[in-house]
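Have a look at the structure below before the remarks.
Readers should treat all values here as calculations from the given coordinates under stated rules, not as data from a laboratory. A quick note: this is a predicted structure, and the numbers were derived from the prediction, not measured. FYI the Cβ positions are ideal-geometry reconstructions off the backbone, even for glycines, and counts take in every protein chain you see.
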Amino acid sequence: MTEVDIAGVGIWSEQFGNWDEFREVLAGAEVESAGALKPELIPARERRRAPAAVKMAVEVMDQACRMAGIDATDVATVLGSGMGDMQITDYICRTLAEAPRMVSPTKIHNSVHNAATGYWSIATGSHFPANAISAYSNTVAASLLEGAVQAVEEDLPVLVALEELAAPQPFKSVIEVDEPLAMALLLIPKGQAAAPLAGLSLAVRPEAASNPAALHVAGTEFHNNFAAPLLPLLAALAQGEASTSALPLSGGATLELALEFTAAAQTAQA
């Protein structure tokens, strides 16, 4: 079993733009600024050219660091996305088929799976490790396990970001997802955070797990979004409720998650 503390969290969708709005939406309220996506960490010039996948990831990563009060230059990062930037992949394939000489170098530059961690490292000036993971429907479990193990073994804070874009039409034969979603958890070695939001225990079991049901938020179901399996845990975190869940890690392995609240975490939640 691996144990860490959650020191900060970030979240973005077209229905809620940050953690406070997510909590309000869970409580049944409506929010006015839902979906606003302007990650201030990226300079304006680069932000204009950055694709949605980069903006989503950097936005939630910055939110998590700000909540924890930790300098963004001092954290390692793990970015997980099951399908990567499908919008850019679709553009490149279409352009190569119709007018290959017109392919945008900027689009090519932004097409790599670790584009968001590159933007993050440059914007923050961080020299800490930056990993990118793609494990299809197992991406949440693989990314959380990577981040937690790295935090414990390397004794440093690790920022785990998860995101998935809406799929353009050609990709809908592979994954029919209409709602973009991004989330980030800042994981700290157990006992090192002054006021953690909660404790998180992770354990790998040699048995298959079924895919968890999607969570309905503000009347929206994040159907088939490979980042969405983390939503129930974030909902429990937002509501201050201990929870257990199981996520598929591979065809024959399950990642079990246990969310626990200490007295310090309950004070931080309040």
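Annotations
- Here the simple spin-label model places points 7 Å from the Cα toward Cβ, and for residue 154 and residue 20 these points are separated by 3.2 nm.
- Nearest-20 debye value, the chain charge dipole, Cβ charges on Lys, Arg, Asp, Glu: 840 debye
- Number of Lys pairs (Cα under 25 Å; 8 or more positions apart or on different chains) in the chain: 5
- Charges were assigned to the Cβ only: +1 to each Lys and Arg, -1 to each Asp and Glu. The resulting dipole of the range 62-121 about its Cα centre is roughly 240 debye.
- Dipole axis of the range 1-102 (+1 Lys, Arg; -1 Asp, Glu on Cβ), positive-most option in 69, 28, 83: 83
- Options 157, 111, 254, ranked by Cα towards positive dipole end of the chain, top entry (Cβ charges): 111
- Sites listed here are GluC sites (Glu not before Pro) in the range 1-51 whose DSSP assignment is loop and whose Cβ has at most 16 other Cβ atoms within 10 Å: 14, 30, 32, 40.
- Label sites at residue 98 and residue 243, each approximated as a point 7 angstrom past Cα along Cα to Cβ, lie 4.2 nm apart.
- Chain lengthening between residue 262 and residue 52 when straightened (0.36 nm per residue, less Cα-Cα): 71.9 nm
- Of (i) 17.9, 61; (ii) 23.4, 73; (iii) 19.1, 58, the label for Rg and Dmax of the Cα atoms in Å derived from the coordinates: (i)
- Packing rank of 224-232, 186-194, 130-138, where each peptide gets the mean count of other beta carbons within 10 Å, highest leading: 224-232, 186-194, 130-138
- Rel. contact order, % - alpha carbon contacts under 8 angstrom, at least six apart, the chain: 25 percent
- Potential lengthening between residue 253 and residue 109 on full extension [0.36 nm per residue; Cα-Cα distance subtracted]: 48.3 nm
- Distance between the C-alpha centres of the range 87-133 and the range 1-48: 23 Å, rounded to the whole angstrom.
- Between residue 89 and residue 192, the modelled label-to-label distance comes to 3.4 nm, taking each label 7 Å out from Cα in the direction of the beta carbon.
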